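None of the figures in this text is laboratory data; all of them are computed from the coordinates on show. Just so it is clear, the structure is predicted and the values come from calculations on it, not from any experiment. Here Cβ is always computed from backbone atoms with ideal geometry, including for glycine, and neighbour counts include all displayed protein chains.
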Amino acid sequence: MSKKFIIDTDTASDDAVAILMALQWPDVSVEAITIVSGNVPVEQGSINARYTVEVCGADTPVYEGIRRPLVRETRHALEFHGPDGMGNMQYPPPQRPPAPGNAITELIRRFSESPGEITLVTLGPLTNIATALLREPRLATWVKECYVMGGAACTIGNVTPAAEYNIWCDPEAAQMVFHSGMRILMVGWELCRGEANLTDVDIEKVYGFNTERAKFAIDCNKSLIEANREFLGDPGLPLPDPVTMAIALNPAVCTRRSAHYVDVACDVELTRGMTVVDQLGRIDKAPNIEVCWEIDAGLWKETLYRTLR
């Protein structure tokens, strides 16, 4: 039986690869893609998602959502993904327009009509999901499971010393979602680092598949490769959103996971967006989030390659 996914995304280059993976996975049906402000403005994220859908020969509807964080100023990540979010590759505009309607309305409608049947994968700030929960708190119980690409579990961040970008961008939204009762696996950005990076050898292997999807997956991430090496000092291409999608598609990619109480820091700018994981149980509060601590880097890459060949 096919698994049903809804993907919420601020589509830039690594989001695009994650979307591609889900669209190419044989037993997954992507019911809808919803766009949130984050890496790029909503309008650009919508263009990038719709173009990716067309690269895959699919017709998944793309709905535009919230255009700014709940209470914060908007801060995009163009320095990592290029001015268009796609490595400045100047891809042609997608042929199909955004789907009519609003992302928030569609999230509530689709999950309410199929409670416990659809998996949610979030690849950007959690503004859309928090807004939907404000309108309909029962959404938390309707989601079968939610894979959140966000946070950094007891480690450094990529936008500040304490925080990962998706959570930092809208920490109030993340805090609301984390405490909603939704079944969540948090996949921190640190899991795409080190041996999980696509090395130069890995990148040449992908190009060697000689498919449009493979070329697209690397080319749209050219800005991210440069930024990763310049700003973060890692050797290759980090793909946090595709790592998260790989776990959603193939749970064996996550080799160690456990439930903990997790909160999001909102009050102090120094720690804004920090995902505070009570790993040792020092706070007398029930676990609310599962955390992925380790992945099988080889299996992650094979899961990606399967969708690009």
Which members of the stretch 1-56 meet the condition of being among the polar types (S, T, N, Q), closer than 20 Å to residue 237 by Cβ and crowded, with 20+ Cβ neighbours inside 10 Å?
9, 11, 13, 39, 48, 52
Which residue is surrounded by the fewest Cβ atoms within 10 Å (Cβ to Cβ), if the candidates are limited to the stretch 171-225 and must be closer than 30 Å to residue 74 by Cβ and among the acidic types (Asp, Glu)?
219
Determine, yes or no, whether residue 164 is among the charged types (D, E, K, R), more than 21 Å from residue 88 (Cα to Cα) and touching a Phe, Trp or Tyr at 6+ places or on another chain (Cβ under 7 Å).
yes
Consider residue 132 carefully, then state whether it is farther than 30 Å from residue 298 by Cα and surrounded by 24 or more Cβ atoms within 10 Å (Cβ to Cβ).
yes
In the stretch 80-112, what residues are of a type in the set (Gly, Ala, Ser) and on the phi < 0 side of the Ramachandran plot?
99, 103, 112
Residues of the stretch 57-83 satisfying the condition of being of a type in the set (Val, Ile, Thr) and surrounded by fewer than 21 Cβ atoms within 10 Å (Cβ to Cβ):
71, 74
Mind checking which pairs have a first residue in the stretch 271-283 that is acidic (Asp, Glu) and a second that is surrounded by fewer than 20 Cβ atoms within 10 Å (Cβ to Cβ), Cβ under 9 Å, 6 or more apart or different chains?
278/261; 278/263; 278/285; 278/287
Can you confirm whether the stretch 67-83 contains a residue that is without any contact (Cβ under 8 Å) to a residue 60 or more places away in the chain, farther than 30 Å from residue 269 by Cβ and touching a helix residue (DSSP H, G or I) at 6+ places or on another chain (Cβ under 7 Å)?
no
Looking at 275, 303, 307, 255, which is the one that is closer than 15 Å to residue 150 by Cα, of a type in the set (S, T, N, Q) and in contact with a helix residue (DSSP H, G or I) (Cβ under 9 Å, 6 or more places away or on another chain)?
275
Selection from the stretch 261-277 of residues surrounded by fewer than 24 Cβ atoms within 10 Å (Cβ to Cβ) and either assigned to a loop (DSSP other than H, G, I, E, B) or in contact with a strand residue (DSSP E or B) (Cβ under 9 Å, 6 or more places away or on another chain) (or both) yields 261, 263, 265, 266, 267, 268, 272, 274, 276, 277
Applying the selection to the stretch 51-80, what residues are more than 14 Å from residue 37 (Cβ to Cβ) and either in a helix (DSSP H, G or I) or not hydrophobic (A, V, I, L, M, F, W, C) (or both)?
51, 52, 53, 54, 55, 57, 59, 60, 61, 79, 80
Cβ contacts < 8 Å: first residue surrounded by fewer than 24 Cβ atoms within 10 Å (Cβ to Cβ), restricted to the stretch 111-124; second residue of a type in the set (Lys, Arg) and in a strand (DSSP E or B), any location; separation 6+ or different chain. Result?
114/4; 117/4; 118/4; 119/3; 119/4
